[in-house]
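The values are calculated or read from the model by the stated rules, or taken from the named source; none is laboratory data. Quick caveat: nothing in here was measured; it's all calculated off a predicted structure. Because the Cβ atoms are built from the backbone with ideal geometry, glycine has one as well, and the counts that use them run over all protein chains shown. SASA here: full protein model, heavy atoms, side chains in, ligands and nucleic acids out. Shrake-Rupley method; radii C 1.70, N 1.55, O 1.52, S 1.80 Å.
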Amino acid sequence: MIERIDRRSVVPLALVASLLIGLGDFMTGVEVAFTLLYIFPIALGTWFRDRAFGNSLAVLSALLSVAGELGWRVGHGMHLHAVSMLWNHGGSLGIFVLCVEVLRRLRAYVEGERQSRQLAVEQLRHAERLNVIGKLAAGVAHELGTPLNVIATNAELVDAGQAPPELVHRCCRLIIEQSERMAAIIRQLLDFGRRGGSDRHATDLGAVVESTVRLLEPLARKRHVELELSLPEEPILLEVNHLELGQVLSNLALNAVQAMPKGGRSLVELRRDQERGHPVAVLSVSDEGTGIRPEDVPRVFDPFFTTKGVGEGTGLGLAVAYGIVADHGGRVSVATEWGRGSRFDVILPLAAGATYKTSATLPTV
Amino acid sequence: MSNEVSVERPSTVRRQPRVLVADDSTEQRWTLRLALSMMGFEVREAADGRELFWALEELSRSGGSEPSLVIADVYMPTYDGLEVLEAWRDAMAGRAVIFITAFPDAVVSRRVQALGADLLPKPFTLRAFSDCVRSSLRRARAPS
């Protein structure tokens with residue numbers, strides 16, 4: 001019973017109490033006694049019982065109010081002071097309780113709206129999470145299903161002695177190749193799922209960026225893409241796993257290169273910046289390529305999401321990059337314009353302990 | 001019954017029944033071709049949705065009864081297997097169609113069912129594959 005009295009009940013209670021005190025100045029002791037006699041059962045009933053009970057009390061109060069008006073006139077005319085006083089105060093109290101009830105219902109309505117909105121948001125998040133898991137499952141099934149199928153069928157053909165002798169060797173080669181392909185996919189998945197525990201040292205970010213860009217240059221040149229590098233004058237030192245960070249950059253830069261099938265220019269820039277008053281290192285990779293369709297933007301970090309052709313991308317590159325950056329307490333953001341190009345920013349906090357709050361597993365952009 | 005030529009082991013007198021296999025994985029096509037030729041089929045391949053589309057276009061123009069079986073991967077570049085076979089639905093009357101996919105979700109199953117085709121989820125065993133081929137052909141030949 002007690003837990004039913006919450007903050008919402010206190011407001012009408014205070015309202016009625018203050019009105020009572022105010023009225024007390026103009027009322028005789030008898031009138032106050034009458035008022036209390038009325039107000040307590042009605043007010044207590046409204047607070048402690050449910051909405052239906054409150055509603056019926058409100059209707060009763062409204063009737064009392066009307067009756068009070070009439071009663072006052074009749075009582076006044078007949079000089080029946082006690083009766084008129086009774087009706088009169090009954091009516092005013094009825095209006096109070098009516099106001100209180102209206103207030104209560106308004107608050108209940110607002111609260112209900114807020115709760116249903118919150119519920120909708122939670123359901124959406126849940127659906128989004130399920131969606132990511134579903135996509136991951138579909139991706140794994142699709143990527144591993146075909147090689148596994150090739151392995152199983154070829155092994156069976158050889159085992160049953162059905163494969164022509166001259167093709168047995170080819171069957172076995174296929175089994176080996178497809179096993180290697182599956183192993184590579186599993187390795188990528190593990191990269192994607194790996195969280196923490198990596199080997200980190202104070203590293204000059206600029207050196208990592210530079211060496212990675214040098215590694216990628218031949219490939220970029222082959223595709224007529226010019227990789228431009230911009231490094232800060234002062235080295236930025238941060239505790240990172242340089243191999244992982246190199247992987248982040250190469251995944252972003254490879255995307256940039258692949259986004260420009262006709263060639264172009266891609267800028268890789270490392271700089272210091274401030275974000276919400278904290279020093280951060282920002283690694284930007286921008287291209288003048290095809291850009292990302294607006295409807296695809298929320299999905300770019302989803303595992304196995306790819307807009308590239310079959311065999312060009314597994315759809316894990318950005319998901320892996322996101323995972324590694326989140327491990328380092330940072331985040332990846334994307335700015336893109338369809339037909340104009342994209343820019344991916346890796347933002348790493350420089351001050352110790354200043355980590356971004358990231359979702360436990362996957363981004364919900 | 002004894003005089004009838006079974007599809008699995010056709011005699012040398014009758015021409016081998018033909019199968020059209022559409023899959024974007026070269027290894028998968030090679031393996032299916034091997035398995036099907038072991039079962040006595042002559043195999044024609046399509047490497048993606050577009051090739052499958054033109055193969056079926058040619059088929060509908062020639063009006064022949066071969067290939068009696070089309071095996072298509074659901075997810076392929078250009079067009080997916082389902083799209084193409086839905087487009088050539090009329091040309092498929094009396095022929096068996098088997099879809100193979102690694103991820104048979106509800107939508108795919110429904111569309112396959114609507115086409116009256118069979119769905120074979122990957123990975124499958126050789127036995128499951130040959131059973132599916134036989135039952136699919138039997139059903140296609142039976143008057144509906």
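Express the accessible area of the range B:38-144 per residue in Å², computed with a 1.4 Å probe while the remaining protein chains stay in the model.
I get 48 Å² per residue for the range B:38-144.
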Inset, instruction - Kindly report, to the nearest 10 Å², the accessible surface of A:Phe96 as traced by a 1.4 Å probe over protein heavy atoms only. - result: 40
Inset, instruction - Enter the per residue convex hull volume of chain B, computed from alpha-carbon coordinates, in Å³ rounded to the nearest integer. - result: 111
Inset, instruction - Return the residues of the range B:108-131 for which accessible area with all protein chains present is lower than in the chain on its own by 50 Å² or more; set the probe to 1.4 Å and exclude ligands, DNA and RNA. - result: B:Pro123, B:Leu126
Inset, instruction - Between A:Ala120 and A:Leu254, take the C-beta separation as r, use R0 = 41 Å, and let me know the FRET efficiency to the nearest 0.05. - result: 0.60
Legend entry - Accessible surface of chain B [probe 1.4 Å, protein heavy atoms]: carbon and sulfur percent: 50
Legend entry - Integer Hz, Karplus 6.51/-1.76/1.60 couplings in order for the range B:122-128, x for Gly and Pro: 7, x, 10, 8, 4, 5, 4
Legend entry - Calculated from backbone phi, Karplus (6.51, -1.76, 1.60) coupling profile of the range A:317-327 in Hz, x at Gly/Pro: x, 6, 5, 5, 4, 4, x, 5, 5, 4, 4
Legend entry - Protein-only accessible surface order, largest first, of B:Trp88, B:Trp54 at 1.4 Å: B:Trp54, B:Trp88
Inset, instruction - List the accessible area buried at the contact between A and B, summed over both sides and calculated with a 1.4 Å probe, in Å² to the nearest 100. - result: 1900
Legend entry - Counting DSSP beta bridges with both ends in the range A:156-311, the antiparallel % (nearest 5): 70
Inset, instruction - Kindly provide the GluC sites (Glu not before Pro) of the range A:208-286 that DSSP labels as loop, not H, G, I, E or B, and whose Cβ sees at most 14 other Cβ atoms within 10 Å. - result: A:Glu233
Inset, instruction - Provide a whole-number value for the mean count of partner chain Cβ atoms within 10 Å of the Cβ atoms in peptide B:74-83. - result: 1
Inset, instruction - Can you find, among A:Ser211, A:Asn255, A:Ile236, the residue farthest towards the positive end of the dipole of the range A:199-330? Put +1 on the C-beta of Lys and Arg, -1 on that of Asp and Glu. - result: A:Asn255
Inset, instruction - Find how many whole Å separate the alpha carbon centroid of the range A:314-347 from the alpha carbon centroid of the range A:222-296. - result: 9
Legend entry - Amide H contacts of A:Trp338 (H built 1.01 Å from N, under 5 Å, at least 5 apart or other chain): A:Ile292
Inset, instruction - Place +1 on the Cβ of every Lys and Arg and -1 on the Cβ of every Asp and Glu in chain B, take the dipole about the Cα centre, and give the residue among B:Ser25, B:Ala142, B:Pro67 whose Cα lies farthest towards its positive end. - result: B:Ala142
Legend entry - Computed lengthening from A:Arg276 to A:Glu210, 0.36 nm per intervening residue step minus Cα-Cα distance: 21.0 nm
Inset, instruction - Calculate one ³J(HN,Hα) per residue across the range B:84-94 by plugging θ = phi - 60° into the Karplus curve 6.51 cos²θ - 1.76 cosθ + 1.60, and present them in order as whole Hz with x for glycine and proline. - result: 5, 6, 5, 5, 9, 3, 5, 5, 8, 4, x
Inset, instruction - Within the set of other residues whose C-beta is less than 15 Å from the C-beta of B:Ala87, count the net charge using Lys and Arg as +1 and Asp and Glu as -1. - result: -3
